[in-house]
Amino acid sequence: NAQWEQLESQYKGLVVCDLQDALKSHEGLVRKHLFSCLQTAQDKLDALHAACWNKGVFIFVPRDTVVSTPIELDLVKSSNHSFQHVLAVVEEGARVSFDERCVSRLPSQKPFVRTGRIELIVCPNAHADWYSLQDLNNQAFNFASRRALVGAGSSVDFWSAEFGGRVARSDVTAVLQGRSASSKNYGVYAVKGEQQLDLDVSSVHAEAETVSDMHTRGVLLDRSKAIYRGLVKMHANAGRSNGYQKSENLLLSDSAEVDAVPYLEIDTSDVKCSHGASMGHVDREKLFYLMSRGIAEREAVLQIAQGFLAPILDKAPYRDWALKVRARVQERVSA
C-alpha cells in the first residue's frame with residue numbers, strides 16, 4: 001500500500017503492515033496485544049475467527065505522534081470467504097484517525113461469509129477516531145466487530161455506516177478501563193430489500209469519571225429488518241461516570257421492521273445513566289408540504305431521510321467520510 005509506505009517514511013516509528021509479517025518483525029508487541037480486546041467477549045464467532053483468520057493489518061502509532069492523515073484500510077476486494085483481523089496500538093500521547101472501507105458491490109454468484117475483527121488499544125492520554133463504511137453486495141453474510149480498550153485520560157470516537165450484506169451484524173464496543181477515559185459511538189445505516197441488520201453497541205465503564213455517548217440513526221425500506229441492542233455497563237468502581245445512549249429509526253415502508261433494545265447494567269449509585277429509543281414512519285404533513293412546493297414524492301422522501309441522518313453526519317470531523325455516506329444514502333433511497 002503506497003499510502004502506508006508514505007506514512008511510515010513521514011512519521012518515525014509508525015508501523016502499518018501485514019499482520020502475519022508483523023508477527024515476525026514485531027513479535028513481542030503483537031503477541032502482547034493480539035486478541036486482548038476479544039477476551040472480554042464470549043462469542044462463538046470470535047472463537048471461529050481466532051482459529052481461522054487469514055488476512056490482517058497491524059498498526060502501531062508511537063508515543064506523542066500526531067498523524068494528520070487518516071490511515072486507509074480497504075478490507076474487502078473480492079467476494080470470497082475471509083476472516084480479517086486488524087490490530088491497532090496507539091501509544092501514550094498519540095493522535096490518529098482510521099478510515100476503514102469494507103466494500104464489495106460487484107454481484108456474486110453465491111453467498112460468502114466474512115468475519116472482521118478490529119482491536120484498538122488506546123494507551124493513556126491518547127486519542128483515536130475510527131471511521132468505517134460497510135457496503136457489501138447482497139450475497140454477503142458479514143459479522144464484524146470493533147472493540148477498543150481505552151486507557152486513563154484517553155478517548156476513542158467510532159463513526160460507523162452500514163449499508164450492505166444479506167445479513168450483517170456489527171458490534172462496536174468501548175471498554176473504558178482507565179480513569180477519565182471517554183468514548184463516542186455514532187452510527188448511521190440504510191437497509192432495503194430483504195436485508196437483515198443486527199447492531200450491538202456497548203460502552204463498558206470500568207473506572208471512575210468515565211464518559212460515553214452512543215447515538216444511532218437509521219432508515220429502512222421495503223421488507224428490511226433491523227435490531228438495535230445498546231448497553232451501558234457501569235462497574236462498581238465507576239463512580240461519577242456518565243453514560244448515554246439513543247437509537248432513532250425511520251421506516252420508509254409499511255413492511256419494514258425494527259426493534260430497539262437499549263438497556264443498562266449499573267453496579268453503583270454514583271453515576272448518571274440514561275437511554276432512549278424511537279421509531280416511526282415519514283411524517284405525512286412534512287411530505288405533503290414538500291410536494292406542495294413542487295418536489296416529487298421520491299425526492300421529498302430522500303430529503304426527509306437525509307435530514308433525519310444529518311444530526312450525526314454533521315458532527316463528523318472527517319468530511320470525506322460524511323460525503324461518501326450521504327452519497328450512498330442518496331443512491332439507496334432514490335433507487
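The values are calculated or read from the model by the stated rules, or taken from the named source; none is laboratory data. Here the structure is a predicted model, which is why all the values come from computation and not from measurement. Cβ placement follows ideal geometry from the backbone for every residue including glycine, while neighbour counts extend to all protein chains displayed. Keep in mind that these areas ignore ligands, DNA and RNA; they rest on the heavy atoms of the full protein, side chains included. Shrake-Rupley method; radii C 1.70, N 1.55, O 1.52, S 1.80 Å.
If I stretch the segment between residue 32 and residue 310 completely, what's the gain in nm (0.36 nm per residue apart, minus their alpha carbon distance), one decimal? Display every interim value, and only then the final one.
Details: separation 278, 0.36 × 278 = 100.08 nm, distance 4.01 nm.
Here the segment from residue 32 to residue 310 would lengthen by 96.1 nm.
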Next on the checklist: Can you compute the radius of gyration and Dmax for the range 36-177, using only the Cα atoms, both in Å?
Outcome noted: 15.1, 49
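If each residue of separation counts as 0.36 nm, what is the full-extension length gain between residue 254 and residue 323 once their alpha-carbon separation is subtracted?
On the way: separation 69, 0.36 × 69 = 24.84 nm, distance 2.88 nm.
Residue separation times 0.36 nm, minus the Cα-Cα distance, leaves 22.0 nm.
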Next on the checklist: Restricting to lysines 8 or more places apart or on different chains, can you count the pairs in the range 209-335 with Cα atoms under 26 Å from each other?
Outcome noted: 13
Next on the checklist: Can you tell me what share of the DSSP beta bridges in the chain is antiparallel? A percent to the nearest 5 is fine.
Outcome noted: 5 percent
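Quick check for me: using +1 on Lys/Arg Cβ and -1 on Asp/Glu Cβ, what's the dipole size of the range 11-103 about its Cα centre, in debye to the nearest 20? Don't jump to the answer; show the numbers that get you there.
On the way: 10 positive and 12 negative charges, 30 e Å.
My answer is approximately 140 debye.
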Checklist entry - GNM, the chain, Cα, under 10 Å: largest mean-square fluctuation among 293, 319, 31? => result 293
Next on the checklist: Straight-line reach from residue 44: which lysines fall under 20 Å, measuring Cα to Cα and dropping same-chain residues less than 8 apart?
Outcome noted: 55
Item to check | Label-point gap, in nm, between residue 10 and residue 278 - each point 7 angstrom along Cα→Cβ | outcome: 4.1 nm
Checklist outcome for this item: Helix-only [θ] at 222 nm, the chain, -39500 (n - 2.57) per DSSP H run of 4+, per residue, nearest 500, equals -6500 deg cm²/dmol
Item to check | Whole-angstrom Cα spans of the chain along principal axes, big to small | outcome: 63, 52, 38
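Using a 1.4 angstrom probe with every protein chain in place, what is the largest-first accessible-area order of 53, 130? If you can, show how the numbers build up before the last one.
Numbers: 53 45, 130 0 Å².
Result, largest first: 53, 130.
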Checklist entry - Which length gain, in nm to one decimal place, applies between residue 223 and residue 2 when the Cα-Cα distance is subtracted from 0.36 nm times their residue separation? => result 75.4 nm
